[in-house]
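Heads up: the structure comes next, in structure tokens.
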Amino acid sequence: MRSSKKIFTPVVILALLGLAGLLISSQKIYADQWQSQSANSHLYFAPSWEGLPINGAFKQFAVTLSRDENDQPQSLSVSVQISSADMGTADFNEAIQMTEWFNGSTFAEAVFNSNTITSVESDDPRAQFIAQGILQLKGVERNIQVPFSWSEPADGNALMAGALSLGRNDFAIGTGEWAGGDQIGLAVKVWFDLVLESAND
Amino acid sequence: MDTKNTTEEWSWLSKLFHWLTALLIFIQIPLGFYAESLRLSPLKIDVFVWHKSLGMLVFLLVIVRLLWRIKSTIPIALANSRLQKILASAAHGILYGLMLALPLSGWVTSSASNFPVKLFWLIPLPSIVGPDDALKSIAAEVHEICVFVLIAILIVHIGAALRHQLMLGDNALKRMWF
């Protein structure tokens, strides 16, 4: 009895490992990778003053989306170079990199990685899917939802678009005298229009 | 209480235009220098909102005033010589020009800087140009030069009024008062 148990345990572990390996490799086989084309993709953001938007954009960022064997989006990851934030003028761009705002010299990159992506029924054409995951921005990690659409025109590329709102106080962007939000609003609109190309080997 | 000027007298409406713009300009000049001197802060934004709001008010007032002036009789100048008359009307012309150029160059500077404007926190002011660093510097430079010229002309303008009133005794200052 005792000896059979001794043998049984490693067998189970091996079997589990094998199964896990099979799952991982099967995911690899089916993973369908897409990568944003930087020249044709746009990531915008707009804080507001007195309800009027102040438009900005990140010039350097990368989006990767992978799909499962049923062509369903499976994971989404985004990385954004904070120093590439452009709000139209040199004065503005200098100001937003200061410590009370983005503090880009310390927190050079923002990263989003999805945990789950669900397909949703929505009237909003830009919210076919919702990626739920962690956004790491200015050293703060927050769970956020990223709604997006996905379409594949005939040219072989894919189009992805979406819009969301982030609370800048959640990420300590605009601290001290700016934290109140009575001047520069707390809600920051973020939206994107991306062209992705297949990145399968 | 006739709104129309005569060859001798300014009407109360013309006087109101004059003193209202005078009051606004006397607030605007220090306000502009103060706003510019502040570090980027909520206070700076607020001071600039006041400066932009009052500036656009001057702009509107000057347009109405000029339209009114074109249609009105202008009282005969109190000049003693032909040269004085030419200098006086040149100064007045420059003053009107500056009262248009200052709000306009300010508007361009503001629009090119990509910061939205709501006059008196109520009325959104549309952008007349898109975000543009080069244009912003030029417009800001023009704005600054204009304000220094304005200060110089105002010194002459006030000096001349005082000289007429106190030294020449022709009641020039009184003529513009109610």
(message) Scan the range B:31-48 and tell me whether some residue there is in a helix (DSSP H, G or I), surrounded by 14 or more Cβ atoms within 10 Å (Cβ to Cβ), among the basic types (K, R) and in contact with a Gly (Cβ under 9 Å, 6 or more places away or on another chain).
(response) no
(request) Please specify each residue of the range A:134-166 satisfying the condition of being farther than 22 Å from A:V195 by Cβ and part of a strand (DSSP E or B). (result) A:I134, A:L135, A:Q136, A:L137, A:V140, A:E141, A:R142, A:N143, A:I144, A:Q145, A:S165, A:L166
(message) I'd like the residue in the range B:1-60 that is within 14 Å of chain A (Cβ to nearest Cβ) and basic (K, R) and, out of all such residues, is farthest from B:L125 (Cα to Cα).
(response) B:R39
(message) Suppose we filter A:S66, A:S41, A:S77, A:S36 for residues that are touching a Pro at 6+ places or on another chain (Cβ under 8 Å), surrounded by 11 or more Cβ atoms within 10 Å (Cβ to Cβ) and either at negative phi or at pLDDT below 95 (or both); which single one remains?
(response) A:S66
(message) The conditions are (1) more than 11 Å from every other protein chain (Cβ to nearest Cβ); (2) more than 24 Å from B:L78 (Cβ to Cβ); (3) part of a helix (DSSP H, G or I), and B:A160 fails exactly one of them. Which is it?
(response) (2)
(request) Return the residue satisfying two criteria in turn: it lies in the range B:127-153 and is in a loop (DSSP other than H, G, I, E, B) and surrounded by 14 or more Cβ atoms within 10 Å (Cβ to Cβ), and of such residues it is nearest to the other protein chains (Cβ to nearest Cβ). (result) B:P131
(message) Based on this model, can you work out whether B:A88 counts as assigned to a loop (DSSP other than H, G, I, E, B), small (G, A, S) and more than 14 Å from chain A (Cβ to nearest Cβ)?
(response) no
(message) It is to be established whether one or more residues within the range A:125-141 are over 11 Å from the mean Cα position of the chain (by Cα), within 18 Å of A:F171 (Cα to Cα) and within 14 Å of another protein chain (Cβ to nearest Cβ).
(response) no
(request) Please find, within the range B:104-126, the residue that is farthest from B:V49 (Cα to Cα) out of those that are facing another protein chain (nearest Cβ under 8 Å) and small (G, A, S). (result) B:A112
(message) Testing B:S72 on (1) within 12 Å of chain A (Cβ to nearest Cβ); (2) surrounded by 16 or more Cβ atoms within 10 Å (Cβ to Cβ), one condition comes back false. Which one is that?
(response) (1)
(message) Between B:V58, B:V49, B:V64, which is on the phi < 0 side of the Ramachandran plot and touching a Pro at 6+ places or on another chain (Cβ under 9 Å)?
(response) B:V58
(request) Please identify the pairs in which a residue from the range B:5-16 that is among the basic types (K, R) has its Cβ atom under 9 Å from the Cβ atom of a residue that is not in a loop (DSSP other than H, G, I, E, B), counting only partners at least 6 apart or on another chain. (result) B:K15/B:M176
(request) Output the residues belonging to the range A:167-201 that are over 20 Å from B:D46 (Cα atoms) and either in a helix (DSSP H, G or I) or at pLDDT below 95 (or both). (result) A:R168, A:N169, A:D170, A:F171, A:S198, A:A199, A:N200, A:D201
(message) I'd like the full set of residues that are touching a residue at least 40 places away in the same chain (Cβ under 8 Å) and acidic (D, E), limited to the range B:17-51.
(response) none
(request) Identify the residue in the range A:32-48 that is in a strand (DSSP E or B), closer than 30 Å to A:I184 by Cα and away from chain B (no Cβ under 14 Å) and, among all such residues, is farthest from the chain's Cα centre (by Cα). (result) A:H42
(message) I'd like to check something: does the range A:107-118 contain any residue that is under 21 Å from the mean Cα position of the chain (by Cα), buried (at least 20 other Cβ atoms within 10 Å of the Cβ) and in a loop (DSSP other than H, G, I, E, B)?
(response) no
(message) So for the range A:173-188 (the condition being surrounded by fewer than 18 Cβ atoms within 10 Å (Cβ to Cβ), within 22 Å of A:S77 (Cβ to Cβ) and either touching a strand residue (DSSP E or B) at 6+ places or on another chain (Cβ under 7 Å) or not basic (K, R) (or both)), does at least one residue qualify?
(response) no
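Could you check the range A:95-145 and list, in sequence order, the residues that are charged (D, E, K, R) and either out of contact with any helix residue (DSSP H, G or I) (no Cβ under 9 Å at 6 or more places or on another chain) or not assigned by TED's automatic domain parsing to the domain that holds A:I82 (or both)? Reasoning before the result, please.
So in the range A:95-145, the residues charged (D, E, K, R) come out as A:100, A:109, A:121, A:123-124, A:126, A:138, A:141-142.
Scanning the range A:95-145 gives A:E121, A:D123, A:D124, A:R126, A:E141.
The values are calculated or read from the model by the stated rules, or taken from the named source; none is laboratory data. Model, not experiment: these values are computed from the prediction. Note that each Cβ is placed from the backbone with ideal geometry, even for glycine, and that neighbours are counted across all protein chains shown.
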